[in-house]
Amino acid sequence: MTEVTAETTAAPEATATEAPQATAPQATEGQPEAQQTAEGTTPEAQETTEATTEDNTTPANVDLELTAPEGMEMFADDFASFSTEATEWIKANPDATAADAFKWAADRQANAVTASANAAIAAHNEKVTEWENQIKADKEIGGDKFKESVATALKTLDTWGSPELQQQLNETGLGNHPDMIRLLVRAGAAMQDAKVLTTNAGGARKSFADALYGNAN
């Protein structure tokens, strides 16, 4: 038999294979490397993305709706008008601050009050003109008697009316109302035509005012 010689065969030396090194994500320009995530997205960017996904509401998408509260239904149109204008302003000024919004609202309110006051004055003047035309067309105090009627009314008011009454009639415009002019004209005519009255007591004389108001003396 052939002798088998056992030879010791040295095992080949294991070749060390270098494990791949993890490559850290490179920091983006202007962003510290410590704030980078494994995916290369900063935590701040992730939060912004999540917030945008959860809430996609921006000022440009807001429609402001204000409803008139109970008891103020008569101002429903004003509330609706304000809602429309406010929505348009917000969309046109998406970067505006709360202070800007308050200033806009205050300016709008001031303009609205001024416009309302001017409208009221215009309506009053129109009404006074209408009354004047009615007086001129009136058969009793108008026409050829218009100037005389106005003069008589003014004289009557100066004689019998207090300064406070005259002020009220001027401020409210009621001094130009046809019925007021007619009343003053009739009263003035009655005073001009009034005669001294003699009572049944014999010889006692009363003025027109005394007779009219029933004064005892």
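Data for the structure
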| item | result |
| --- | --- |
| Residue list for the range 92-106, restricted to those being surrounded by 10 or more Cβ atoms within 10 Å (Cβ to Cβ) and of a type outside the set (S, T, N, Q) | Ala92, Pro94, Ala96, Asp100, Ala101, Phe102, Lys103, Trp104, Ala105, Ala106 |
| Residue in the range 107-136 that is farthest from Thr152 (Cα to Cα), counting only those that are surrounded by 12 or more Cβ atoms within 10 Å (Cβ to Cβ) and aliphatic (A, V, I, L, M) | Ala112 |
| Residue within the range 130-140 that is of a type in the set (Asp, Glu) and not in a helix (DSSP H, G or I) present | yes |
| Cβ pairs under 8 Å, 6+ apart, first in the range 87-99 and in a helix (DSSP H, G or I), second of a type in the set (D, E, K, R) | Thr87/Asp63 |
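Read-outs throughout are calculated quantities, based only on the coordinates presented, and are distinct from any laboratory measurement. Model, not experiment: these values are computed from the prediction. Cβ sites come from the backbone with ideal geometry, for glycine too, and all protein chains shown count toward neighbours.
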